[in-house]
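Presented below is the structure to which this report refers.
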Amino acid sequence: MDDLLVDFLTETNESLAELDLALVRLERTPDDAQTLSLIFRLVHTIKGTCGFLGLPRLEHVAHAGENVLVRVRDGVLAVTPDTISTVLFAIDRIKEIVAGLAATGNEPTGDDSALLAALDAVAEGRGAPAAATPPAAPPVTTPPVTAPPAPAPPAPAPPAPAPPAPAPGVPPVAAAPEPAPEPAEAGQAEAPVAGQTIRVGVDVLEGLMTLVSELVLTRNQLLQLARTQEDSAFSVPLQRLSHITSDLQEGVMKTRMQPIGNAWNKLPRLVRDLARELDKRIELVLHGADTELDRQVLELIKDPLTHMVRNSADHGLETPAERREASKPESGRITLNAFHEGGHIIIEVADDGRGLPVDRIRAKALSRGLATEAELAAMTDAQIHRFIFRAGFSTAAVVTAVSGRGVGMDVVKTNIERIGGTIDLKSAPGQGTTFLVKIPLTLAIVSALIVQAGRERFAIPQISVVELVRAAGSEGAAASDRTESRIEHINGTPVLRLRDRLLPLVNLAGLLRLERDAGAEETGQCIVVTQVGASMLGIIVDRVFDTEEIVVKPVAPILRHITMFSGNTILGDGSVIMILDPNGIARANGIAGSESRGTENAPRTAVAQSEQRTAMLLFRAGDTSPKAVPLALVARLEDIERDRIEISTGQPVVQYRGRLMPLVPLSGTLDTAKERQAVLVFNDIDRGLGRDRCMGLVVDEILDVVEERLRVELSGDRPGLLGTAVVAGRATDVIDTGYWLTQAAADWFCSGQKSGGVRPAKVLVVEDSDFFRNLLVPALAAEGYEVTACETATRALRLRDSGMMFDVVVSDIEMPEMDGLEFVRTLRAGGAWAELPMLALSGRVNHAEMAAGRSAGFTDYVGKFDRAALLASLRQCLGETAHAA
Amino acid sequence: MGTTVLERPAETSADGEERVFVTLTVADQLCGVPVQAVRDVLGEQVITRIPLAPPEIAGSLNLRGRIVTAIDLRRRLGLPDAPAGTQRMSVVAEQGSELYALLVDQVSEVLSLPADTFERNPPTLPPQWAAHSVGIHRLHDRLMVVLDVARVLALAQEG
């Protein structure tokens, strides 16, 4: 049976029992306004709910009963036993119908017209008491025997058996003193509904939860004490106590768990109404409605979810006409998908509509002064999409009744962040928009990382921790080169080079104005890399201890203004520690989302050759011939068990480092027979504050890593392959990673859209290696740049002398004849190109090289394989010049 | 963990002739807190500092599983800090279902005082004191300042 119906039955049975008592009480004390209003409310609720559930018979009876009560309440009708009897009679009928409902799940058929007429007659005050036979029994204790007051002849008929229709011809009008089998049947029908659930006040559960939380803490303290004493007589009972406590905790948590479907109950109706109102055809698909989460969380996400569905229906989906034009099915689809991932619930709200209007958002951001034109031009679509999370940002051209009132996604985002969740979105023009909400299972207990800074300990919720990086201390800084990360400073601001990106850092001790622990700074510190929305931020701490399950307690009101903390807790050792709020820390440091993204639609033609040795990873996939990919592009190699591979939206995915990683089988199909899958993990980390996504390319077998001079025969006819090269003496296919990344996610590489009317920026690429030139030129061209390439610096200088002009120069460092440094010095020395921004490309990115590059005159210095960084840097350079001009 | 459960002397006289106070000293001044306001008296506690908190807030401590915010009464009254290393005690009071610990130098006896020894604050009392006390009780050998717990704890409204 429908959960909704079960709830309704439970509730209605309770109301009915209460109604009986109240009506009887009213009869005794007709002036009791309180009882009257209670009765009125109960009947009204029943009527309202069954109208909602589509139970017409019940609704009619309840409605007629309510009419009588309205009159009584308004003082038009006096409370007489007859009036009460008639109402009680209606209540009895409601009970019958409810019993039938409980037994079969459907409203039993039956004719209520006589009863309704009787009720109406009473309501209108005509003749009811006169026509009615005086009650035979005192109506106080037994169900009254009442003849129908109005048209039907007073013919007490046997009550309608619950499910089947009553005897034809004789309207069942009176619930005569019930024959024995009837109540038994009704009782049986009610019993399962009434007996299986107990309604417990939420405060009781909350109280239990608090107690259990305390018990858990006390247990932890005991265990900590026991650890210091070996062979204690307490250890066995303590172990047992520990287990029971865990079970108890789980049990109490379970009482608070509700399927997320409860928050979705009202959506079908909402969507149906919206579809009518907006004149659209909308199909609502709900997946994972039985995914359970804490009721407190459930309550808090109801509204944001409803809002998102509204948005999707209103803004996301097109009208049927528009959809036909776009050759999509007329009826739009909104999909809600909920599932567990780690200690979190992921909820996706997806539509297959038009996608977010990037141009409108951009225009709006500009008119609202949220960003300058230059900044906007440098932003990726995904960054622009995120403007919709800013306060007061609504792009709906017309404010509709449904949404677009300017209180929109920012409120959703705030509400979700308030419960420790995160929200993100992806959108592709014409394909739709998907919102991804990640929320904790429960608010009461979270997993947290315990860290120390300035001799104080703090907890950082695990949800926002991406990774931990050990940084070399100031002593080891000189010696360490690539082996250990080290903190560098720009004008005193610490940054960290993390996999060739700059990660902004904050020193926790400094931020919280604690005394710095000089000892820790010398011996090395840890960096907790946290993700806040789309931004990454490294928090420098002195030590990292352990993760602990902590019970989050709100901070005292007098401390609420300190936004760095989201709560406090008591650790296993009994000490109180503060829980850091990474959102607050990021805000305090003015960190907003920013990222960059590359494009890859490289037309593959021509022959390229490289004289440089490149480390290549050899593997096998699909057929027997070896395949290769530049090792520098691969973030990690993984061996993933088959069981860990799940299917999400038709794509194989795997939970990887706390996230979902899409898997793309290189051979086209996933070999499900294999126990373990070898996976090449590609990372798309955007510079600095950007996000960090990964994709797994599933291959059959990883063979070897070789260093070779690459001679790639580029070929354009095979998608996914850059070309063929001789590696380790064998013809080897070199795969095009960009292609496979786009297979993983449609939005991975959004095609770069330059703001309209702006002429494409002209880029000169100076690069001696054909291989990289052929990688770079199409990539930049696809981003919307007009690209000219030269093999040597001397050729580039000839172009300058011939009067050609560019917006930016991208140059390799190591080149024959004239190297990049000399080239840039020559350019800066004078001539038409002296003021141009110049980017250095190098296979070796280290401190000394960068410094040398910059002092020679390069504007920025980017790693060769780092396409995203290059694009970001290009945008920055061009944005800056545009700004200056 | 030097926690003592207070034995509350029965409140005498419904007519309000006698009031019961928990007495404490802060920088050698005797003060009193109405016994009804006191939930607990604690000895020296481990207090976790709270970064960025107002200076009056000494930190938070664990009282049988509840987190209690500790307020340094010396700082609240604008007095110099206690000499380093002094053992301090606290009086726990409740405000709006939150517990607060008032850090004082010493908690001493519980006194039952007749209403006729009570006087309003003399107008010359320093403002820091006047703001946090309701009046003075004249004991035979010394004076006792009656603290207004609500106002001592009303940090949030001020900040």
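The values are calculated or read from the model by the stated rules, or taken from the named source; none is laboratory data. Bear in mind the structure is a predicted one, so any value in this text is a computation, not a measurement. With ideal geometry, Cβ positions are generated from the backbone for all residues, glycine too; neighbour counts draw on all protein chains shown.
Just checking, which of B:ALA37, B:ALA82, B:ALA70, B:ALA27 is at pLDDT 90 or above, small (Gly, Ala, Ser) and within 16 Å of the chain's Cα centre (by Cα)? Break it down into steps so the answer makes sense when it comes.
Numbers: B:ALA37 fails: at pLDDT 90 or above; B:ALA82 fails: at pLDDT 90 or above; B:ALA27 fails: at pLDDT 90 or above.
Result: B:ALA70 is the single residue among B:ALA37, B:ALA82, B:ALA70, B:ALA27 that is at pLDDT 90 or above, small (Gly, Ala, Ser) and within 16 Å of the chain's Cα centre (by Cα).
Quick check, is A:ARG57 more than 14 Å from A:ALA99 (Cβ to Cβ) and out of contact with any strand residue (DSSP E or B) (no Cβ under 9 Å at 6 or more places or on another chain)? Talk me through it step by step, then tell me what you get.
Values: more than 14 Å from A:ALA99 (Cβ to Cβ): no; out of contact with any strand residue (DSSP E or B) (no Cβ under 9 Å at 6 or more places or on another chain): yes.
So A:ARG57 does not fit the description; no.
Okay, residues lined up against (1) at pLDDT 75 or above; (2) farther than 30 Å from A:GLY590 by Cα:
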| site | (1), (2) |
| --- | --- |
| A:THR672 | no, yes |
| A:ARG676 | yes, yes |
| A:LEU689 | no, no |
| A:ARG693 | no, no |
| A:VAL698 | yes, yes |
| A:ASP704 | yes, yes |
| A:GLU707 | no, yes |
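Does A:LEU101 satisfy the condition of being assigned to a helix (DSSP H, G or I), touching a residue at least 60 places away in the same chain (Cβ under 8 Å) and surrounded by fewer than 17 Cβ atoms within 10 Å (Cβ to Cβ)?
Details: assigned to a helix (DSSP H, G or I): yes; touching a residue at least 60 places away in the same chain (Cβ under 8 Å): yes; surrounded by fewer than 17 Cβ atoms within 10 Å (Cβ to Cβ): no.
Criteria not met by A:LEU101.
Report the residue count in the stretch A:572-584 for those that are modelled with pLDDT of 80 or more, out of contact with any Leu (no Cβ under 8 Å at 6 or more places or on another chain) and either within 8 Å of chain B (Cβ to nearest Cβ) or over 20 Å from A:ARG418 (Cα atoms) (or both).
Going through the stretch A:572-584 one residue at a time, the tally reaches 2.
Does A:GLU330 qualify as being more than 17 Å from the chain's Cα centre (by Cα), over 30 Å from A:ALA448 (Cα atoms) and at pLDDT 85 or above?
Numbers: more than 17 Å from the chain's Cα centre (by Cα): yes; over 30 Å from A:ALA448 (Cα atoms): yes; at pLDDT 85 or above: yes.
So A:GLU330 passes the test.
Those residues that are closer than 24 Å to A:GLU488 by Cα, touching a helix residue (DSSP H, G or I) at 6+ places or on another chain (Cβ under 8 Å) and either within 8 Å of chain B (Cβ to nearest Cβ) or surrounded by fewer than 21 Cβ atoms within 10 Å (Cβ to Cβ) (or both), I need them from the stretch A:535-550; list them, please.
As a first pass, look at the stretch A:535-550 and keep what is closer than 24 Å to A:GLU488 by Cα: A:535-544.
Next, only the ones that are touching a helix residue (DSSP H, G or I) at 6+ places or on another chain (Cβ under 8 Å) stay: A:535, A:537, A:539-543.
Passing the criteria: only A:ARG543.
Taking the condition of being within 14 Å of another protein chain (Cβ to nearest Cβ) and part of a strand (DSSP E or B), how many residues in the stretch B:92-118 meet it? Spell out how you get there, then give the answer.
Taking the stretch B:92-118 as the starting set, the residues that turn out to be within 14 Å of another protein chain (Cβ to nearest Cβ) are B:92-102.
Filter once more, keeping what is part of a strand (DSSP E or B): B:92-95, B:98-102.
Residues meeting the conditions: 9.
State all residues of the stretch B:37-91 that are in a strand (DSSP E or B), without any contact (Cβ under 8 Å) to a residue 40 or more places away in the chain and away from chain A (no Cβ under 14 Å); if no residue qualifies, say none.
Passing the criteria: none in range.
Provide a single number: the residues in the stretch A:631-673 that are hydrophobic (A, V, I, L, M, F, W, C) and either outside the structural domain of A:VAL705 (by TED's automatic domain parsing) or out of contact with any strand residue (DSSP E or B) (no Cβ under 8 Å at 6 or more places or on another chain) (or both). So that I can check it myself, show each step before the final result.
In the first step, residues of the stretch A:631-673 are kept if they are hydrophobic (A, V, I, L, M, F, W, C); the result is A:631-635, A:637, A:640, A:645, A:647, A:653-654, A:660-661, A:663-664, A:666, A:670, A:673.
When the remaining residues are screened for being either outside the structural domain of A:VAL705 (by TED's automatic domain parsing) or out of contact with any strand residue (DSSP E or B) (no Cβ under 8 Å at 6 or more places or on another chain) (or both), the result is A:673.
Qualifying residue count for the region: 1.
Let me spell it out: the conditions are (1) among the β-branched types (Val, Ile, Thr); (2) closer than 24 Å to B:ILE57 by Cα; (3) more than 14 Å from every other protein chain (Cβ to nearest Cβ), and B:VAL152 meets all of them except one. Which number is the exception?
Among (1) among the β-branched types (Val, Ile, Thr); (2) closer than 24 Å to B:ILE57 by Cα; (3) more than 14 Å from every other protein chain (Cβ to nearest Cβ), B:VAL152 violates only (3).
Which condition does A:MET379 not pass, out of (1) under 26 Å from the mean Cα position of the chain (by Cα); (2) closer than 22 Å to A:GLU283 by Cβ, if it passes all the others?
For A:MET379, the exception is condition (2).
Can you name the condition, by its number, that A:GLU230 falls short on among (1) outside any helix (DSSP H, G or I); (2) surrounded by 14 or more Cβ atoms within 10 Å (Cβ to Cβ)?
The single condition A:GLU230 does not satisfy is (2).
Within the stretch A:551-569, can you find the residues that are facing chain B (nearest Cβ under 7 Å) and free of Cβ contacts under 8 Å to residues at least 40 places away in the same chain? Let's see the steps before the verdict.
Taking the stretch A:551-569 and keeping what is facing chain B (nearest Cβ under 7 Å), we get A:553, A:556-559, A:561-562, A:564, A:568.
Of everything in the stretch A:551-569, those that are facing chain B (nearest Cβ under 7 Å) and free of Cβ contacts under 8 Å to residues at least 40 places away in the same chain turn out to be A:LYS553, A:ALA556, A:PRO557, A:ILE558, A:LEU559, A:HIS561, A:ILE562, A:ASN568.
Within the stretch A:65-79, does at least one residue satisfy the condition of being of a type outside the set (Gly, Ala, Ser), closer than 27 Å to A:VAL200 by Cβ and crowded, with 19+ Cβ neighbours inside 10 Å? It would help to see each step written out before you state the result.
The first filter runs over the stretch A:65-79 and keeps only residues of a type outside the set (Gly, Ala, Ser), leaving A:66-74, A:76-77, A:79.
Those left that are additionally closer than 27 Å to A:VAL200 by Cβ: none.
No, the conditions are met nowhere in the stretch A:65-79.
Looking at A:PHE8, A:PHE89 in this structure, which one is of a type in the set (Phe, Trp, Tyr) and more than 30 Å from A:VAL200 (Cβ to Cβ)? Walk me through how you get there before you give the answer.
On the way: A:PHE8 fails: more than 30 Å from A:VAL200 (Cβ to Cβ).
Answer to the check: A:PHE89.
Considering only the stretch A:633-679, state which residues are among the hydroxyl-bearing types (Ser, Thr, Tyr) and more than 20 Å from the chain's Cα centre (by Cα). Steps first, answer last, please.
Kept after step one, since they are among the hydroxyl-bearing types (Ser, Thr, Tyr), are these residues of the stretch A:633-679: A:648-649, A:656, A:667, A:669, A:672.
Once the filter is applied, which keeps residues that are among the hydroxyl-bearing types (Ser, Thr, Tyr) and more than 20 Å from the chain's Cα centre (by Cα), the stretch A:633-679 yields A:SER667, A:THR669, A:THR672.
Given the criteria among the aliphatic types (A, V, I, L, M), in contact with an Asp or Glu (Cβ under 8 Å, 6 or more places away or on another chain) and surrounded by fewer than 22 Cβ atoms within 10 Å (Cβ to Cβ), does B:ALA58 qualify?
Numbers: among the aliphatic types (A, V, I, L, M): yes; in contact with an Asp or Glu (Cβ under 8 Å, 6 or more places away or on another chain): yes; surrounded by fewer than 22 Cβ atoms within 10 Å (Cβ to Cβ): no.
Here the answer is no, as B:ALA58 does not meet what is asked.
Restricting attention to the stretch A:655-687, and to residues there that are β-branched (Val, Ile, Thr) and out of contact with any Leu (no Cβ under 6 Å at 6 or more places or on another chain), which single residue is nearest to A:LEU537 (Cα to Cα)?
Our first condition is that a residue be β-branched (Val, Ile, Thr); within the stretch A:655-687, this holds for A:664, A:669, A:672, A:679, A:681, A:685.
From the residues that got through so far, the ones that are out of contact with any Leu (no Cβ under 6 Å at 6 or more places or on another chain) too are A:669, A:672, A:679, A:681, A:685.
Values: A:THR669: 38, A:THR672: 38, A:VAL679: 28, A:VAL681: 23, A:ILE685: 13 Å.
Only one residue fits best here, namely A:ILE685.
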